[in-house]
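Note sheet for the following structure.
The values are calculated or read from the model by the stated rules, or taken from the named source; none is laboratory data. Here the structure is a predicted model, which means the values were calculated and not measured. Glycine gets a Cβ as well: all are built from the backbone with ideal geometry, and neighbour counts include every protein chain shown. These area figures cover heavy atoms from the full protein model, side chains too; ligands, DNA and RNA do not enter into them. Shrake-Rupley method; radii C 1.70, N 1.55, O 1.52, S 1.80 Å.
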Amino acid sequence: MKLKQLEMTLQKLAGFPEPRAALEQYQTPAPLAARLLYDALMQGDIGGKVVCDLGSGTGVLAIGASLLGAAAVKAVEIDAGAVAVAQENSAKAGAAVEFIIADVRDRDVPGRVGPCDTVLMNPPFGAQEAHADRPFIDCALAIAPVTWGIFNAGSLPFVTAYTEGRARIAGTTGGSFPIRRTFAFHTKDVLEIGVEILRLERTAR
Ligand code: SAH
């Protein structure tokens, strides 16, 4: 599937019916998701691989990975309502994704998911709850040797320090994440958030 076609397919997926601010439920915009997925594909992290999407929301990254030829895709999400939407999105897009309703902070999640080759994630940036992305990083490193994550622009020093001795940052790409007015505390119709796509390679277990 070509990049443009992937982007158009992801664009058609249903969004969060009632986004929950506390869970930082922001669907990754299709152009940004397609770019991350394509970059990961080109680096050999998707095709024929077992992929896991942590905090899968409406399924954008998981579905994209399946459409790009992952051998198997698992998706972990805390919100059962979002999983219902993601399941419908997955079926409509012709993807195959195994959804697991779980909290990534639970220590049994890596065991339930099983070892994977690649983790994809757009974790909460910690706007509602400080350091909300840390359990995602910990869980990702427990599950797979390679992780692609979307972080707030400027997160590189934090992620580098937080994963020191456990992973190295093997790639960074800048991007932008347009957030439409979603919650009452949003004051603009659209706010462009600068983001960093980081590729982490596990160095130790
Ligand atoms: N991956 C999706 C959603 C990103 S929004 C996309 O790219 O569009 C972040 C997602 O993480 C939300 O769906 C939210 O419900 C989920 N989430 C937040 N905290 C979580 C936790 N502790 N465990 C599992 N999922 C969580």
accessible surface per residue for the chain, probe 1.4 Å, DNA/RNA/ligands not counted, whole Å² -> 46 Å²
Explain nothing, just compute: Karplus ³J(HN,Hα) = 6.51 cos²θ - 1.76 cosθ + 1.60, θ = phi - 60°, for every residue of the range 123-129 in order, whole Hz, x for Gly and Pro.
x, x, 7, x, 6, 8, 9
Would you tally the net charge around A153, using a Cβ to Cβ cut-off of less than 11 Å, leaving A153 out, and scoring K and R as +1, D and E as -1?
-2
Convex hull of Cα atoms in the range 1-103, direction-averaged projection (nm²)
5.7 nm²
Grab the eigenvalues of the alpha-carbon gyration tensor for the chain, scale each by 5, take roots, and send me the semi-axes largest first in whole angstrom.
22, 20, 17
Mean-square fluctuation check for the chain, GNM, Cα pairs under 10 Å: which of I101, I78, I193 is largest?
I193
Quick one, could you list the DSSP H helices from the chain stretching 27 Å or more along their long axis (Cα atoms) with average Kyte-Doolittle hydropathy of 0.0 or above?
none
List the cysteines in the chain whose Cβ has no other cysteine Cβ under 4.7 Å from it.
C139
Once neighbouring chains are kept in place and the probe is 1.4 Å, which whole percent of the accessible area of the range 138-205 is contributed by carbon and sulfur?
54 percent
Name the most mobile residue of Q43, Q25, Q11, meaning the one with the largest mean-square fluctuation, in a Gaussian network model of the chain with Cα contacts below 10 Å.
Q43
Compute the distance in nm between two label points, each set 7 Å from the Cα along the Cα-to-Cβ direction, one at K2 and one at F185.
4.3 nm
